[in-house]
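Student: Right, I'll just put the structure down here and ask away after.
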Amino acid sequence: MRTIGHWIGGQATNGQSARTSPVWNPATGTQRASVVLAGASEVDDAVLTAARAFEEWAESSLTVRARILFAYREIAGRRLDELAEIISDEHGKVVADARGEVQRGLEVVEFACGIPQLLKGDYSDQVSTGVDAFSYRQPLGVVVGITPFNFPAMVPMWMYPLAIACGNTFVLKPSERDPSVSLVMAEIWKEAGLPDGVFNIVQGDVDTVNLLLDHPAVAAVSFVGSTPIARSIYERASKNGKRVQALGGAKNHAIVLPDADLDFAADHLVAAAFGSAGERCMAISAAVTIGSAAEPLLEKVSKLARNIKVGSGRDKSSEMGPVVTDAAKNRIVGYINAGEEQGARVVVDGRGLIVPGYESGFFVGPTVLDDVKTHMDVYRDEIFGPVLSMLRIDSVDEAIALVNSNPYGNGVAIFTSSGEAARRFHRGVNVGMIGINVPIPVPMAYYSFGGWKDSLFGQSHVYGPEGVAFYTRAKAITARWPKRKSNAGASMSFPTSN
Ligand code: NAD
């Protein structure tokens, strides 16, 4: 059985900890490897290695950093297929989808290649007579990234390109469910010329995370995962005096007005609900129809959902793969059962799906529930699986109120041909990322990604301009270069301009 280890100081190591966790191939339902779970000694080693590397890396020129990022972009681009296949084998998603996640992650690397421009400071000449003021930003030190299973390449790439470009050193704690791709990313950094110790990986679980959050040499923590964990990470890391951004879970609505192109809306809804088996933080899990849109949309969505080809992520004809673990499968089926018991109508039923040749795989088929009400568990909880709940309401204002009464605020979409309705909607909803006829509005790398309410704890969104701000802190300098022997102008009063 293959062992997946850590990456510390530019080298792979399995460390000393005897604790391991199984890594599955979700399509076959068999264990493909064991991942080691870091204890105190590996965490200390990784963080102190990163702290030593920081001394030199923080002094590296912007030109050197940009060149390494360009090289990373080129090498990762060449290895895209390999990265996508590794992701598919451990996560389950289809290879084309995995390629898409790597591509979107690389867009953050491309953004970070512009770090000389991004870190330009401000300068004000002659703020007072003979006095100038300027400001610039400096890195924080050792930054930790703790990431979820559902985007094992992209979510880490939301963090480390900018953290490293800003002059920090990085310790990644990937999800223990699909850890292999992280080690390929480490190899790419090495080949790109990143000095050893700037990028490190410790594999692990909750115990490893707690060691990282408590380590005195860690300056900042970026977390992406489920809401209860995000909240506890935010609280613990903040209490320890660290800068922290913690992105949590989601319940993303799509509102469909009767004036929308319903074929277009149905197509996009189905892709957004069932792509990656619904295991996306921006997946649409609640389709909310207004008035007469309900029946025709349900019919179109159900037809499309029934025709989705479910199979191994490695099979080129598959449109949707398995879910990540047997436990995830059971949890999702449990929610469908609960929905049915609480009065929802199971229009398309993904329970009990068997994929020929993959009888032990962790498959749940696309599921559409109609007549869902807001008190039901399927609506209240994040299911994180291929389950689309349909709700019916009567107006855009009701839609805004519905979205705003949900504790999550990650993404939302509206399908309409009315600019007035779309504008009222995007201005009214308390949600971080909004799509207008766009079901998964993940912002481009030069904007920033983040939700509101229980979908984000902390002030900063990830990547884009807010990422640069998160991974740096500002200095403001006020400078005077008087002529020699001049002491004119000193005052015992608080200084003002003149
Ligand atoms: P998770 O919260 O279970 O795990 C995330 C990370 O936290 C992993 O590295 C895991 O090892 C670690 N972890 C698990 N339990 C922990 C604990 N008790 N204490 C400390 N660390 C712990 O999430 P997941 O199941 O891997 O990923 C799916 C979740 O992530 C969903 O809720 C999804 O919405 C969310 N997500 C959010 C975004 C976003 O941008 N908001 C993006 C991707 C995923």
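Student: Checking Phe362 against (1) more than 19 Å from Glu279 (Cβ to Cβ); (2) touching a residue at least 12 places away in the same chain (Cβ under 8 Å): exactly one of these is not met. Which one?
Tutor: That leaves (1) as the condition not met.
Student: Return a yes/no flag: does the stretch 131-144 have any residue that is open to solvent by less than 10 Å² (accessible area, probe 1.4 Å), at pLDDT 95 or above, part of a loop (DSSP other than H, G, I, E, B) and not assigned by TED's automatic domain parsing to the domain that holds Met320.
Tutor: Taking every residue of the stretch 131-144 in turn, at least one turns out to be open to solvent by less than 10 Å² (accessible area, probe 1.4 Å), at pLDDT 95 or above, part of a loop (DSSP other than H, G, I, E, B) and not assigned by TED's automatic domain parsing to the domain that holds Met320.
Student: Where the second residue is surrounded by 13 or more Cβ atoms within 10 Å (Cβ to Cβ) and part of a helix (DSSP H, G or I) and the first is touching a residue at least 60 places away in the same chain (Cβ under 8 Å) and lies in the stretch 397-410, which pairs have Cβ atoms under 7 Å and are six or more apart or on separate chains?
Tutor: If the second residue must be surrounded by 13 or more Cβ atoms within 10 Å (Cβ to Cβ) and part of a helix (DSSP H, G or I), the pairs left are Ala399/Phe425.
Student: Here's something else I'd like to know. Taking Gln203 and the conditions (1) of a type outside the set (D, E, K, R); (2) open to solvent by 10 Å² or more (accessible area, probe 1.4 Å); (3) in a loop (DSSP other than H, G, I, E, B); (4) within 16 Å of the ligand (Cβ to nearest atom), which numbered condition does it fall short on, given that it satisfies the others?
Tutor: Unmet for Gln203, out of (1) of a type outside the set (D, E, K, R); (2) open to solvent by 10 Å² or more (accessible area, probe 1.4 Å); (3) in a loop (DSSP other than H, G, I, E, B); (4) within 16 Å of the ligand (Cβ to nearest atom): (2).
Student: Let me ask something else. Select from the stretch 420-453 the residues that are within 16 Å of the ligand (Cβ to nearest atom), more than 24 Å from Ala266 (Cβ to Cβ) and more than 15 Å from the chain's Cα centre (by Cα) and list them in ascending order.
Tutor: Matches in the stretch 420-453: Asn430, Lys453.
Student: In the stretch 1-55, which residues are in a helix (DSSP H, G or I) and open to solvent by 60 Å² or more (accessible area, probe 1.4 Å)? Spell out how you get there, then give the answer.
Tutor: Taking the stretch 1-55 first, the residues in a helix (DSSP H, G or I) are 40-55.
Matches in the stretch 1-55: Ala40, Asp44, Asp45, Leu48, Arg52, Glu55.
Student: Oh, and also: For the structure I just gave you, tell me whether Val244 is β-branched (Val, Ile, Thr) and either within 30 Å of Ser460 (Cα to Cα) or within 16 Å of the ligand (Cβ to nearest atom) (or both).
Tutor: On the way: β-branched (Val, Ile, Thr): yes; either within 30 Å of Ser460 (Cα to Cα) or within 16 Å of the ligand (Cβ to nearest atom) (or both): yes.
For Val244, the condition - β-branched (Val, Ile, Thr) and either within 30 Å of Ser460 (Cα to Cα) or within 16 Å of the ligand (Cβ to nearest atom) (or both) - is met.
Student: Could I ask something else about it? Just need a number here: residues in the stretch 458-498 that are open to solvent by less than 100 Å² (accessible area, probe 1.4 Å), within 30 Å of Val155 (Cβ to Cβ) and assigned to a loop (DSSP other than H, G, I, E, B).
Tutor: Counting residues in the stretch 458-498 that are open to solvent by less than 100 Å² (accessible area, probe 1.4 Å), within 30 Å of Val155 (Cβ to Cβ) and assigned to a loop (DSSP other than H, G, I, E, B) gives 5.
Student: Whether any residue in the stretch 403-411 is open to solvent by 60 Å² or more (accessible area, probe 1.4 Å), under 17 Å from Ala250 (Cβ atoms) and within 16 Å of the ligand (Cβ to nearest atom) is what I want to check. Let's see the steps before the verdict.
Tutor: Filtering the stretch 403-411 for residues open to solvent by 60 Å² or more (accessible area, probe 1.4 Å) gives 405, 407.
So of that shortlist, the ones also under 17 Å from Ala250 (Cβ atoms) come out as 405, 407.
Now narrow it down to the ones that are within 16 Å of the ligand (Cβ to nearest atom): 407.
Scanning the stretch 403-411, I find at least one residue that is open to solvent by 60 Å² or more (accessible area, probe 1.4 Å), under 17 Å from Ala250 (Cβ atoms) and within 16 Å of the ligand (Cβ to nearest atom), so the answer is yes.
Student: Let me ask something else about it. Considering only residues that are charged (D, E, K, R) and within 12 Å of the ligand (Cβ to nearest atom), look in the stretch 165-200 and name the one that is nearest to Gly141 (Cα to Cα). Write out each step before concluding.
Tutor: At the first step, the residues of the stretch 165-200 found to be charged (D, E, K, R) are 173, 176-178, 187, 190-191, 196.
When the remaining residues are screened for being within 12 Å of the ligand (Cβ to nearest atom), the result is 173, 176-178.
Values: Lys173: 17, Glu176: 25, Arg177: 28, Asp178: 27 Å.
The extreme case among them is Lys173.
Student: Restricting the search to the stretch 214-245, which residues are in contact with a strand residue (DSSP E or B) (Cβ under 9 Å, 6 or more places away or on another chain), free of Cβ contacts under 8 Å to residues at least 40 places away in the same chain and either within 20 Å of Ala53 (Cα to Cα) or open to solvent by less than 30 Å² (accessible area, probe 1.4 Å) (or both)?
Tutor: Correct list: Ala237, Lys242.
Student: Only one residue in Val102, Val108 is in a helix (DSSP H, G or I), touching a Leu at 6+ places or on another chain (Cβ under 6 Å) and in the same structural domain as Ile188 (by TED's automatic domain parsing), so which one is that?
Tutor: Numbers: Val108 fails: touching a Leu at 6+ places or on another chain (Cβ under 6 Å).
Result of the check over Val102, Val108: Val102.
The values are calculated or read from the model by the stated rules, or taken from the named source; none is laboratory data. Values in this document were obtained by computation on a predicted structure and should not be read as measured data. In this analysis, Cβ positions are derived from the backbone assuming ideal geometry, glycine residues included, and neighbour counts consider all displayed protein chains. Keep in mind that these areas ignore ligands, DNA and RNA; they rest on the heavy atoms of the full protein, side chains included. Shrake-Rupley method; radii C 1.70, N 1.55, O 1.52, S 1.80 Å.
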